[in-house]
Amino acid sequence: MLKFKDSPHKLMQALERFLSVYFGDRQVENQIDTDEIAGWNIPQPLKDLYSFVGKYPGKRGILSSQDVLYINSGQGKTYGGKIIVVCENNGCWSCFTDTEGEDPPVWTENYGWKDDSPKWKLVNDSLSQFLITFCLQEAIFASKYLYRGNFKVLVPTLKLQGYEVTTWHGRYLPESCFEDREGITDFHMIEDAVLISSDGWCGTNYKNANRLLTSLVPKLTQINMNCSLATL
């Protein structure tokens, strides 16, 4: 996906291909009418995302197992001329973008957590890149096998063993919103079958990949087994 960072439409197409491989080619009907989406007053990256993301349900809605993705038609309430895109699972923050554009920026509303901060804080100057980061995070939490641990050694080990490793360098919340950090999260995609984030999460949907992980890191802590995707 890295090679498409300058082309929002191709970037979203690359995300669709990745999710199809990561979760398996899911021959299920998209829950959103693509013809209807074309007429919505929303930026193009959202139209592209909505056209396929309905195939991937989560615990909180469409591809929403940690934070929540809004399916926004642009016809409802706006906030300072912006529409809501993503909300944190406890409602601590929300992310907004413009109602139109090829790849507009993404902002968060301050909510008064820092009195000396502006009401709107820039999160990412690219909606498409923000959506990639969000979807990779949610894909991890929607995985059948989910682990929490220290994977700093695992990624170099897999590279040395000849596995294909692709890294996405993404800007996301909450670090960039409420702390004096850049809010950067790296996602490592191993053969498009394993996802590892730099903040200590790892997920996969494949038994063979799961066996590989547990053989390399026998002290992995398995958080849960999410069967909702596997049984559809």
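Data overview
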{"read-out": "Inter-label distance, nm, simple model (7 Å from Cα along the C-beta direction), residue 7/residue 78", "value": "3.1"}
{"read-out": "Relative pair counts by distance (%), Cα atoms of the range 1-111, 10 Å bins", "value": "13, 42, 38, 6, 0"}
{"read-out": "Residue-span extension gain [residue 166 to residue 88] - 0.36 nm each, minus C-alpha spacing", "value": "25.4 nm"}
{"read-out": "In Hz, Karplus ³J(HN,Hα) per residue of the range 71-76 (6.51, -1.76, 1.60; θ = phi - 60°; x = Gly, Pro)", "value": "9, 10, 7, x, 9, x"}
{"read-out": "Percent accessible area from carbon and sulfur atoms, the range 29-89, protein chains only, probe 1.4 Å", "value": "39"}
{"read-out": "Efficiency of FRET from Cβ geometry, residue 221 and residue 59, R₀ 22 Å, rounded to 0.05", "value": "0.70"}
{"read-out": "Modelled FRET efficiency - R0 41 Å, residue 152 with residue 102, Cβ distances, 0.05 increments", "value": "0.65"}
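The values are calculated or read from the model by the stated rules, or taken from the named source; none is laboratory data. Model, not experiment: these values are computed from the prediction. Neighbour counts are summed over all protein chains in view; Cβ atoms, including those assigned to glycine, are modelled from backbone coordinates with ideal geometry. The accessibility values were calculated without ligands, DNA or RNA, using every heavy atom of the protein model including side chains. Shrake-Rupley method; radii C 1.70, N 1.55, O 1.52, S 1.80 Å.
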